[in-house]
1. Mind checking whether some residue in region 140-159 is outside any helix (DSSP H, G or I), under 27 Å from Ser63 (Cα atoms), touching a strand residue (DSSP E or B) at 6+ places or on another chain (Cβ under 7 Å) and among the small types (Gly, Ala, Ser)?
2. Under the condition of being under 18 Å from Ser642 (Cβ atoms) and among the polar types (S, T, N, Q), which residue from region 321-357 is modelled with the lowest pLDDT?
3. For region 264-281, what are the residues that are surrounded by 13 or more Cβ atoms within 10 Å (Cβ to Cβ) and of a type in the set (A, V, I, L, M, F, W, C)?
4. Working only within region 1-46, note down all residues that are modelled with pLDDT of 95 or more, closer than 19 Å to Thr160 by Cα, surrounded by 14 or more Cβ atoms within 10 Å (Cβ to Cβ) and of a type outside the set (S, T, N, Q).
5. Which of the residues that make up region 511-535 are in contact with a helix residue (DSSP H, G or I) (Cβ under 7 Å, 6 or more places away or on another chain) and at positive phi?
6. Which residue is surrounded by the fewest Cβ atoms within 10 Å (Cβ to Cβ), if the candidates are limited to region 541-581 and must be part of a helix (DSSP H, G or I) and touching a strand residue (DSSP E or B) at 6+ places or on another chain (Cβ under 6 Å)?
7. Pairs, please: C-beta under 8 Å, at least 6 apart or cross-chain, first residue under 20 Å from Ile422 (Cβ atoms) and in region 474-488, second open to solvent by 10 Å² or more (accessible area, probe 1.4 Å) and among the hydroxyl-bearing types (Ser, Thr, Tyr)?
8. I'm checking my understanding of the structure. Among residues of region 618-637 that are open to solvent by 10 Å² or more (accessible area, probe 1.4 Å) and hydrophobic (A, V, I, L, M, F, W, C), which one is farthest from Met307 (Cα to Cα)?
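The values are calculated or read from the model by the stated rules, or taken from the named source; none is laboratory data. All of these numbers come straight from a predicted model, not from anything done at the bench. Glycine also receives a Cβ, built like all others from the backbone with ideal geometry; neighbour counts cover every protein chain displayed. With ligands, DNA and RNA removed, areas are computed over all heavy atoms of the protein, side chains included. Shrake-Rupley method; radii C 1.70, N 1.55, O 1.52, S 1.80 Å.
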Amino acid sequence: MCVTTQAFSPFLIFSVCIGFSFGLLYPRESETRDVRSLDGLWNFRTDQKGMGILQNWEATFLSETGPTEIMPVPSSYNDITAKSSVRDHIGLVWYDRKFFTPRDWALEGRKVFIRFGSIHYYAYVWINGVLVTTHEGGHLPFEEDITAFLNFGKSYDHITVAINNTLTPTTIPQGQVKFMNDSKRYPKGYMEQSFNFDFFNYAGIHRSVLLYTTPPVYIEDISIFTSFTKERGTNDNTGIIWYDVSVANPGYSENSVESAITCRINVYEGWDLNGAGVNTTALVATAMGCNSVVEIPKVKLWWPFLMDSNPGFLYTLEILLNKDGSKDVYRMPAGVRTIEWKNNEFLINKKSFYFHGFGRHEDSNIIGRGESLPLAVKDSSLINWIGANSFRTSHYPYSEKIMDLADRLGIVVIDECPAIGINNFTQSVLLEKHKRIMTELIQRDKNRPSVVLWSLSNEPLSQEKGADVYFSTLVNHTKALDSSRPVTFVTSQQSSNDKAVQFMDVICVNRYSSWYSDTGHSDLIVRQTISEMSAWHEKFNKPIIMSEYGAGSISGFHSEPSFLWTEEYQAITLKKHFEAFDILRQKGFLIGEMIWNFADFATPAEYFRPGGCMKGVFTRERKPKLAAHITRRRYWSLANSSFHVPLPEDLLI
């Protein structure tokens, strides 16, 4: 496929023809597969006007093209140095490093892939000076077979990555590049980047870079769907996993002797977070065939946190492939659960589920949006502490490590694509990109038990012309890929003018009473929240989640009586919403409440925010504000009233 793009620089337009590929199964070591990380310290330099493309920087080492810096991978590059020119850079940056490919990897027809967990935004990848793949869009993985370009122990290999963070009206998310032509005020070529969101536009190699091998005939993809039935005459359930194994290179045969592909599926009780250490004595079910069903007697269901004493239970699904003596082994986690939705209820495993959680961000000091295992585990611990059972991946897909923790801990996820604040719905190129991103997102997360809802967008201008056709097309595309989960998007419009909500299964509404509207008047929250949410349900007769609400507070800022930006005002804002939610729950259609935000996060340079959004119940350093303790009492009380979960003894409020 050929496309015309400004991927390298807003100054340079290129026509690119290259095959599209994206990450499928997460790379896991097994008896037939090796995985090697390229994370670490890379060489880095910015490229102000795209000169690296014209001068072929990929053909040599970056250090030979000019001054370079050391850059950790994974991380955002913006806050690593002490230079504003790096933090605020618009356009192209370059990374490179050397690595060795083991000679053994060349044996027996093995394939070697390189996989990037996320690069923001445009990415071009060269191996030993050869362009091997490209990818547009952050937050999602992509990979490429690089077997033909490696040296396999003869000498080192050289990888170069060029990245452009420029956002335009046809990128997702959208942005604008404005050239300042007033020569009295701006130097020649001066430009500014603006965008339709309020978080910092972090860029870089944000997640791990992995090399992995497969046999010549290998397991390329696995799709599963789960359910359960009651075992007759008992209180036990039989778990059902429908599975479909896709095989790559199925015609390969060293001896040119055709033989059938065989698949064996083994199910073991439990899951090791690193995908290893299978306990062979814990085999609970087995099946034959690459597309079939496996049944698990006395199944342990995957339950959300606080709905069961053993939340997030996972099985190990082991796939054994054999073709002409070429074997492949792949193991993955599998949780058995069902979801259903009605016009006034959401059910998990046939029990009513009420979302109480947060919007979040991948954001922390220094590393920006870079993947961090300590931070992911810390955040998961705080989610457990506060009694939340869910979060939304606002406003883009999160790291697979964060999603792994959600699966394991029983935290329910609304999985959102990066289409924040989009408009201009008559652009066919925008719709096609949006469909592709939803394809990649579903491909990555379709087997996760934690993911129960696909979110197509956050706060699009869905009152505008063409939004109805755009989103109806996108909903149909999403449901064609996965009909087992409901579809939503998050609206900030009014029920009277939103053109797209009619196509959604669940209505998610963002509203900031007493903050962005009627600022300071917390006495209006209950009336306004009940009135607005009731209007949505009366018009569309669909379940509703209040997906964002709240107020900002500066940690340590107090006042009595309360005042804007104090911890007291944020706490009062939350408590007034809780009062409204209790009334709405009695009406029978509110299925969730999600505070904005879990933790404070970085924003662009703005005169009305002191360096960040302060709506978090935790600070950016993950220290609790007064709001965290108010929320903790609320969320544990919800679990206590619904599932008789004991309240923690250390509740402070």
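1. No, that holds for no residue.
2. Asn344
3. Ile265, Val267, Trp271, Leu273, Val278
4. If the condition is that a residue be modelled with pLDDT of 95 or more, closer than 19 Å to Thr160 by Cα, surrounded by 14 or more Cβ atoms within 10 Å (Cβ to Cβ) and of a type outside the set (S, T, N, Q), then Arg36, Leu38, Asp39, Trp42, Phe44, Arg45 are the ones that fit.
5. Within region 511-535, Ser514, Asp518 qualify.
6. This residue is Glu567.
7. His477/Thr439; Leu481/Thr439
8. Leu626
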